[in-house]
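In what follows, a single structure is set out as structure tokens and then discussed.
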Amino acid sequence: MSVRKWARIRSPWLIHFNTGGCNGCDIEFVAAITPRFDVERFGIKLQGSPRHADVLGVTGPITMQITKRLVRIYRQMPEPKFVVAIGTCATSGGPFKDCYSVHGGVDTVIPVDVYIPGCPPKPEAIIYGIAKLLNKLSGSGSGGEDNGGHTQKT
Ligand code: SF4
């Protein structure tokens, strides 16, 4: 395993973006990164800038209004980059699917690496999903050097 890959797996920096959800998932996401769950023991750290982030955690359905901003944030992230869809809205559009102003889930706009279902998913599920991503990066399978548009259901 290369030093870069080793460092990436042990210190994934995360950025969070709400694309138009009800904030239920955001509250659970914020809970997941508090000291109670202590994700920093896995090296996971919240970042304010997409230019410093490895993983984009998206909550909410993809509204037409937010699409360009989401794509811009995704493009600002350095390669290799990974996307985690958090909650039913982000995975499929959820209750907003087929709404006139909604495209659907995150994968209608950018490639998704891990899906975390739930409305909203509990902090444990969010941590589990991110751990699955790290597992995937450390495994011999896909991931690690680029995201290649691959997808995985958790
Ligand atoms: S999945 Fe549920 S809790 Fe999360 S943004 Fe959608 S409606 Fe809200």
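Of note, Ile33 satisfies the criterion of being touching a strand residue (DSSP E or B) at 6+ places or on another chain (Cβ under 9 Å), free of Cβ contacts under 8 Å to residues at least 24 places away in the same chain and more than 15 Å from the ligand (Cβ to nearest atom).
Name the single residue, out of those in region 64-115 being surrounded by 20 or more Cβ atoms within 10 Å (Cβ to Cβ) and out of contact with any strand residue (DSSP E or B) (no Cβ under 8 Å at 6 or more places or on another chain), that is nearest to Asp54 (Cα to Cα). By that ranking, first place goes to Ile66. Scanning region 1-30 for residues that are more than 16 Å from the ligand (Cβ to nearest atom) and polar (S, T, N, Q), which turns out surrounded by the most Cβ atoms within 10 Å (Cβ to Cβ)? So, considering only residues that are more than 16 Å from the ligand (Cβ to nearest atom) and polar (S, T, N, Q), the one surrounded by the most Cβ atoms within 10 Å (Cβ to Cβ) is Ser11.
Being of a type in the set (Lys, Arg) and over 17 Å from Tyr128 (Cβ atoms) is a property that does not hold for Arg36. Restricting attention to region 1-28, which residues are in contact with a strand residue (DSSP E or B) (Cβ under 9 Å, 6 or more places away or on another chain) and of a type in the set (Gly, Ala, Ser)? Once the filter is applied, which keeps residues that are in contact with a strand residue (DSSP E or B) (Cβ under 9 Å, 6 or more places away or on another chain) and of a type in the set (Gly, Ala, Ser), region 1-28 yields Ser11, Gly20, Gly21, Gly24. Restricting the search to helices (runs of 4 or more DSSP H) fully inside region 66-153 and requiring at least 2 residues that are more than 15 Å from the ligand (Cβ to nearest atom) and at pLDDT 90 or above gives 67-76, 123-138.
The values are calculated or read from the model by the stated rules, or taken from the named source; none is laboratory data. From a predicted model like this one, the values you see are computed outputs, not experimental measurements. Neighbour counts run over all protein chains shown; Cβ positions are idealised from the backbone, glycine included.
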